[in-house]
Amino acid sequence: DIKELRRLEELSMANIREINPGYWKHLSNLVFEKHQDAEGYYVSASGNHRSKNKLDFQIDHITPRSQGGLTTLENLQLLTRSENAVKGAK
């Protein structure tokens, strides 16, 4: 349902996971697929880290929600935990 999808786009990934775990899983999988190379490695948005372990990464908004960014595939990226911590500190 388009109306439901628009409402979910305004929420954080954590909130989506609570409200609609199926959609959260689907969106998470799409983000990881988007950042997977031909060898099956997941690559951080910075390009500085490759791993086959999803636990090495966090899904992050490119444009923060606080600045109007939505939780959509186009606005989500993979960062390592340390990359995300540095980005969050700015």
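Say we look at the stretch 4-34 and pick out the residues that are aromatic (Phe, Trp, Tyr) and open to solvent by 40 Å² or more (accessible area, probe 1.4 Å); which of these is farthest from Asn53 (Cα to Cα)? Restricting to residues being aromatic (Phe, Trp, Tyr) and open to solvent by 40 Å² or more (accessible area, probe 1.4 Å), the top hit is Tyr23. Of the listed requirements (1) over 14 Å from the mean Cα position of the chain (by Cα); (2) open to solvent by 60 Å² or more (accessible area, probe 1.4 Å); (3) at pLDDT below 95, Gly47 misses just one: (2). Determine whether the stretch 53-62 contains at least one residue that is modelled with pLDDT of 95 or more, closer than 13 Å to Glu9 by Cα and of a type in the set (S, T, N, Q). No, the stretch 53-62 contains no residue that is modelled with pLDDT of 95 or more, closer than 13 Å to Glu9 by Cα and of a type in the set (S, T, N, Q).
Summed over the stretch 72-81, residues that are more than 11 Å from Ser44 (Cα to Cα) and either free of Cβ contacts under 8 Å to residues at least 24 places away in the same chain or assigned to a helix (DSSP H, G or I) (or both) total 3. Taken over the stretch 17-49, the criterion of being farther than 20 Å from Ser82 by Cα and either charged (D, E, K, R) or not in a helix (DSSP H, G or I) (or both) is satisfied by Arg17, Glu18, Asn20, Lys25, Glu33, Lys34, Asp37, Ala38, Glu39, Gly40. For the stretch 35-44, the set of residues classified as open to solvent by 60 Å² or more (accessible area, probe 1.4 Å) and either within 18 Å of Leu73 (Cβ to Cβ) or at pLDDT below 95 (or both) consists of Gln36 only.
The values are calculated or read from the model by the stated rules, or taken from the named source; none is laboratory data. From a predicted model like this one, the values you see are computed outputs, not experimental measurements. Note: ideal-geometry Cβ built from the backbone for every residue, glycine included; neighbour counts use all protein chains shown. With ligands, DNA and RNA removed, areas are computed over all heavy atoms of the protein, side chains included. Shrake-Rupley method; radii C 1.70, N 1.55, O 1.52, S 1.80 Å.
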